[in-house]
Every structure is written in structure tokens, then in C-alpha cells.
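The values are calculated or read from the model by the stated rules, or taken from the named source; none is laboratory data. All figures in this text were calculated on a predicted structure; none of them were measured in a lab. Note: ideal-geometry Cβ built from the backbone for every residue, glycine included; neighbour counts use all protein chains shown.
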Amino acid sequence: MEAPAVVVSNLYAGYGGEAVLRDVSFEAARGEVTVILGGSGCGKSTLLKHMIGLHQPLSGHVFIEGRDITTARGRERKRILRSFGVTYQSGALFGSLTLMENVCLPLEEFTRLPLAAREAVARVKLAQVGLSGAEHKLPSELSGGMQKRAAIARAMALDPAILFLDEPQAGLDPVTSAGLDELILSLSRNLGITFVIVSHELASIFAIADQAVMLDAQAKGVIAQGPPALLRDTSANPKVRQFFNRTPTPEP
Ligand SMILES: Nc1ncnc2c1ncn2[C@@H]1O[C@H](COP(=O)(O)OP(=O)(O)O)[C@@H](O)[C@H]1O
Ligand SMILES: [Mg+2]
């Protein structure tokens, strides 16, 4: 049996010895969209950065397609890093480079493809996110939604099986945000890409998520996981029901 795309196993994570996340465990299934959600500061980005090997956990493990990214070194680590793409919350394309040059960067770093081949790949990736014709534009010449699409194209440069996106909807208007949801669903369905997405946009979560993993700052960990509609309707935890039903927290 194939390993799940991502397995987070008893992860403890934090800064300066202080835990932000305690004993977090969940799986992201292949080909599915898993959304990590929760209030500001609850550790969503921290979790994502541990899943992609940017931070080392206090303890616990993260397996990418069965390979432990927390212990891998050298060639094994490089192989794991090649198997996924990332867009960060802060985000950014290189402002002085065209979209084509931005998407070509990972190809320069990780492959020996000649320039013409790199550009051909970049053209395809930009087409896959709906940016044909914008190859020679600078990021500053694009709308926020188009910049997000370009960042996804760059993350797809090496044909990753998994894409990690940290708050791709942040700062987008609802219509642009819905367009991005459609892109994510289309890439998931047509290319079989597994998505792990940090988001707290309720509409987006219901539109795209097969599974939701809800973190909570007080609990310093997972307080609910499952399909969003199921959590909305059946969770025993009032915080979870409140979030999914968008009901206000009662006054103390
Ligand atoms: N590099 C860091 N050094 C120290 N503390 C951090 C760092 N990054 C995040 N934190 C703290 O960890 C907690 C979780 O942050 P973060 O993962 O960014 O939350 P979220 O993405 O859910 O808003 C916050 O209290 C934040 O201040
Ligand atoms: Mg964050």
C-alpha cells in the first residue's frame, strides 16, 4: 500500500524551547485537499514550516510519502524537498524578475535542463494557472490574484506531488478568492496534486477541503479533524461548531 502523502506524527514544535504545538498527529491523503485552520497565532504557519522541513521539531516526525523529513540528510533530504512545492504566507515572487524567470528559478537550482527547456516548462506551468501571455510581466504589473497564481506556478515547476500553500487567499477579494479555489480544485482533480493549505476563509474551506485540521492556541494542538461539513454539524466542541457556523463567541 502506498504511504499517505503526508503523515504528521506526535509533533511537538515551538520556539526557544517553548511549545506552540503539542502532540499533533494527522494525515493528508494522496490526491486530497487538506486545510489547516484556526485563529491567528495558533501555530498554522509553524506547523506548515515543520511539514516542509524548514524548522526542526522539539520531538515527533513528519513523513512525506513515507520518508521522514525530520531525520533525512544529504541526498535523501534533497529528494524529499524536490517532491513538494511551497508558497509562503509572506509570499513573494522576486520583484525584479519576470514571471518566466521566477518559475525558472527552481529548474535552474534542481535540474540540468538547458535554458530553452526550462522556459518551455515555465510556459506550461504558467498556462496551467491561467497566466498564458503574462510570461514577461513583472510581479508588480499583476493583480494580487495573478501574483498568487504565479507563485503557485513557481511551486509547480518541478512537478511536485504535493503543494503546501500558506494562506493563499490572504488579501484577495471574494471573487478572486473563489477563482483561486477553482484553480486549486482543478489542479487537484486534473493533475492529482495533493494540497495542504493553511486557510481561515470559511467559504474557501467549504469549497475545497476534503479534510480540515483545526488548531487551537489554548489547546496548543488539534481540536478537530474531518470533513468540514461533518465538523460543522456534529462536532462536540463548541469552538469548532462556532467557527464552522460563523457564530460569535458569547460575551463573558
Ligand atoms: N520565528 C519565531 N520565533 C518565535 N516565535 C514565533 C516565531 N514564529 C511564530 N512564533 C510564535 O508562535 C505562535 C504561532 O505562530 P504562527 O505559527 O505564525 O501562527 P499562525 O500562522 O496560526 O497565525 C505565535 O505565538 C507566534 O508569535
Ligand atoms: Mg500564519
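A few remarks follow.
- Where Ala151 falls short, out of the listed (1) more than 16 Å from ligand 2 (Cβ to nearest atom); (2) touching a residue at least 12 places away in the same chain (Cβ under 8 Å): (1)
- Single unsatisfied condition, Arg79 versus (1) at pLDDT below 95; (2) in a loop (DSSP other than H, G, I, E, B); (3) of a type in the set (D, E, K, R): (2)
- Tally of residues being in a loop (DSSP other than H, G, I, E, B) and not basic (Lys, Arg) across the stretch 22-44: 9
- Residue tally, condition more than 25 Å from Ala178 (Cβ to Cβ) and not basic (Lys, Arg), over the stretch 192-224: 7
- Residue that is surrounded by the fewest Cβ atoms within 10 Å (Cβ to Cβ) [pool: residues in the stretch 29-61 that are closer than 16 Å to Ile80 by Cα and among the hydrophobic types (A, V, I, L, M, F, W, C)]: Leu54
- Filtered by the rule that a residue be in contact (Cβ under 8 Å) with a residue 24 or more places away in the chain and over 18 Å from Lys148 (Cβ atoms), the stretch 85-113 gives Ser96, Cys104, Leu107, Phe110, Thr111.
- Counted residues, the stretch 17-45 - those being more than 20 Å from Val240 (Cβ to Cβ) and either within 16 Å of ligand 2 (Cβ to nearest atom) or touching a Leu at 6+ places or on another chain (Cβ under 6 Å) (or both): 1
- Pairing residues of the stretch 34-53 that are closer than 25 Å to Leu185 by Cβ with residues that are among the charged types (D, E, K, R), at Cβ distances under 7 Å and at least 6 apart in sequence or on separate chains, gives Thr34/Asp210; Ile36/Lys44; Gly38/Lys44; Gly38/Asp216; Ser45/Asp166; Leu48/Asp166.
- Looking across Glu65, Glu101, one residue alone is among the acidic types (Asp, Glu), away from ligand 2 (no atom under 16 Å from the Cβ) and more than 30 Å from Glu135 (Cβ to Cβ). It is Glu65.
- The residue pairs whose first member lies in the stretch 1-21 and is part of a loop (DSSP other than H, G, I, E, B), whose second member is small (Gly, Ala, Ser) and surrounded by fewer than 21 Cβ atoms within 10 Å (Cβ to Cβ), and whose beta carbons are closer than 7 Å, counting only pairs six or more residues apart or on different chains, are Ala3/Gly66; Pro4/Ala29; Ala5/Ala29; Ala5/Ala161.
Yes or no, residue by residue, for (1) modelled with pLDDT of 95 or more; (2) of a type in the set (A, V, I, L, M); (3) on the phi < 0 side of the Ramachandran plot:
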{"position": "Pro174", "(1), (2), (3)": "no, no, yes"}
{"position": "Leu185", "(1), (2), (3)": "yes, yes, yes"}
{"position": "Ser204", "(1), (2), (3)": "no, no, yes"}
{"position": "Asp210", "(1), (2), (3)": "yes, no, yes"}
